[in-house]
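S.K.: Sharing a structure below in structure tokens format, with a few things to ask.
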Amino acid sequence: MTRYAEVIGDPIAQSKSPAIHNFWLSELGIEGRYDHCLVKLEDLGDYLARRRADPDWRGCNVTMPHKLSILKLMDRLDPLAAQIGAVNTVVREADGTLTGYNTDAPGFLEPVREELGKTHLFRMARILGTGGAARAIIAALAKEHFVIVLAGRDPAKARSMLDELAPGGEHHAIGLDHFADATDFAFDDREQCFDLVINASPLGMTGQPPLSFDFSHAPPRSVVYDIVTSPLDTRFLQDARAAGFATVDGLSMLIGQADAAFTHFFGARPPRDRDGALRQLILS
């Protein structure tokens, strides 16, 4: 029998997680495999019941729309997952119980860690989207002393998320459509500031409507970050580069969050010195 893990969601065929984990397994010479599995929301409980009975199943990564719903199906939660209120990694313990983790938060921060190591007079993040991934991003950036502007279809939901995940800060909740039209706002000098503009929604993903964002809302020298991985080079990122902004794609976060998950599943650290080859494989 071969130990295995997988990623679940709906849709799931476009996931790049199997390529990442199977590359690492091959590089390390570990016998195992990593699959993808389509799981409908109404079948989530049955899926976990079947898998927890299989000693070869080491766990799963969780993508939309299950990151919130799966929370109540865990036997225990890692403290970070409990704080964020979303699970993206499920680990089967030796006794068949399930522990929920959130590796999205550290995975999101990984590509900007070097910049975060610098001293800034002010940090602001404009986050577009209010789903499970956004929850992890809000919690991560609040700890890094960002002022957060959270944009969602329902501003009241955005406000509630900020109050829950980043209490005490001078954060702002607005409608997603606020960013669709141009603005003539005159930004002040952004020297020694760090500005992030983040698409944490599925908008722009294959099969989803496009994200409407006018880059007059992005302060000079902003870093534009899209967590969508299919397509990897989204229209949002293309437009950002055309407007002169530095960009981070969703594969960066995906690899970062997969790092911790791989260690949970297979008991070894992934060979991160091979990230260049991994990227080439996925992009080929």
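S.K.: In the stretch 240-284, which residues are at positive phi and surrounded by 19 or more Cβ atoms within 10 Å (Cβ to Cβ)?
M.R.: Result: no residue meets the conditions.
S.K.: Does Arg221 qualify as being touching a Pro at 6+ places or on another chain (Cβ under 9 Å) and in a loop (DSSP other than H, G, I, E, B)? Before the answer, list the steps.
M.R.: Numbers: touching a Pro at 6+ places or on another chain (Cβ under 9 Å): no; in a loop (DSSP other than H, G, I, E, B): yes.
Taking the combined requirement at face value, the residue does not satisfy it.
S.K.: Can you go through Ser230, Ser216 and tell me which one is surrounded by fewer than 22 Cβ atoms within 10 Å (Cβ to Cβ), under 30 Å from Thr2 (Cβ atoms) and either touching a residue at least 12 places away in the same chain (Cβ under 8 Å) or not assigned by TED's automatic domain parsing to the domain that holds Thr119 (or both)?
M.R.: Of Ser230, Ser216, the one residue that is surrounded by fewer than 22 Cβ atoms within 10 Å (Cβ to Cβ), under 30 Å from Thr2 (Cβ atoms) and either touching a residue at least 12 places away in the same chain (Cβ under 8 Å) or not assigned by TED's automatic domain parsing to the domain that holds Thr119 (or both) is Ser230.
S.K.: Would you check if Glu115 is among the charged types (D, E, K, R), in contact (Cβ under 8 Å) with a residue 24 or more places away in the chain, in the same structural domain as Leu196 (by TED's automatic domain parsing) and in contact with a Gly (Cβ under 6 Å, 6 or more places away or on another chain)?
M.R.: Criteria not met by Glu115.
S.K.: Moving to a separate point now. What are the pairs, 6+ residues apart or on separate chains, where a residue within the stretch 45-62 that is touching a residue at least 40 places away in the same chain (Cβ under 8 Å) and closer than 12 Å to Arg3 by Cα has its Cβ under 7 Å from a residue that is of a type in the set (Val, Ile, Thr) and part of a helix (DSSP H, G or I)?
M.R.: Correct list of pairs: empty, since none qualify.
S.K.: Moving on to the next point. Return the total of residues in the stretch 55-88 being in a helix (DSSP H, G or I), β-branched (Val, Ile, Thr) and touching a strand residue (DSSP E or B) at 6+ places or on another chain (Cβ under 7 Å).
M.R.: 1
S.K.: Give Val90, Val147 a once-over and let me know the one that is aliphatic (A, V, I, L, M) and touching a Ser or Thr at 6+ places or on another chain (Cβ under 9 Å).
M.R.: Numbers: Val147 fails: touching a Ser or Thr at 6+ places or on another chain (Cβ under 9 Å).
Being aliphatic (A, V, I, L, M) and touching a Ser or Thr at 6+ places or on another chain (Cβ under 9 Å) holds for just one of Val90, Val147, which is Val90.
The values are calculated or read from the model by the stated rules, or taken from the named source; none is laboratory data. Everything quoted here is computed from the prediction, not taken from an experiment. Cβ atoms come from the backbone with ideal geometry, glycine included; neighbour counts cover every protein chain shown.
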